[in-house]
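No value in this document is a laboratory result; all are computed from the given coordinates. Only a predicted model underlies this, so the values are computations on that prediction, with no experimental measurement involved.
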Amino acid sequence: MSLSKKYTLDRIEEGMYVFLEAPEEMNQLILPTSTFDLELNEGDIVNITTTDEGYQLEVLKEETLARRKEISALLEDLINRNK
């Protein structure tokens with residue numbers, strides 16, 4: 001049996017990934033960075049599937065890029081309002 005959920009990587013601290021479950025970002029999933037054979041960055045949106053063997057991770061590149069563009073536009077808007 002497997003269970004798949006979407007998360008945002010909130011932070012990396014002391015060798016641990018701290019993921020927040022999307023979309024409410026209230027529930028945390030904390031996993032050692034050694035769990036996955038790839039490098040993740042804060043803000044990455046991922047799909048994590050829990051299986052009997054462990055965890056499988058898929059980085060949702062398009063969603064991550066769209067979110068980063070959205071945040072960048074919001075920050076630029078805030079900066080321009082204060083000029």
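Between 0 and 90 degrees, the angle of helix 61-81 with respect to the longest Cα principal axis of the chain falls at about 30 degrees. From the largest down, the chain spans 54, 26, 23 angstrom on the principal axes of its Cα atoms. Note on segment 43-69 and segment 17-41: Cα centroid distance 9 Å, given to the nearest whole angstrom. Structural descriptor for the chain: relative contact order 26 percent, calculated from alpha carbon pairs under 8 angstrom and at least 6 residues apart.
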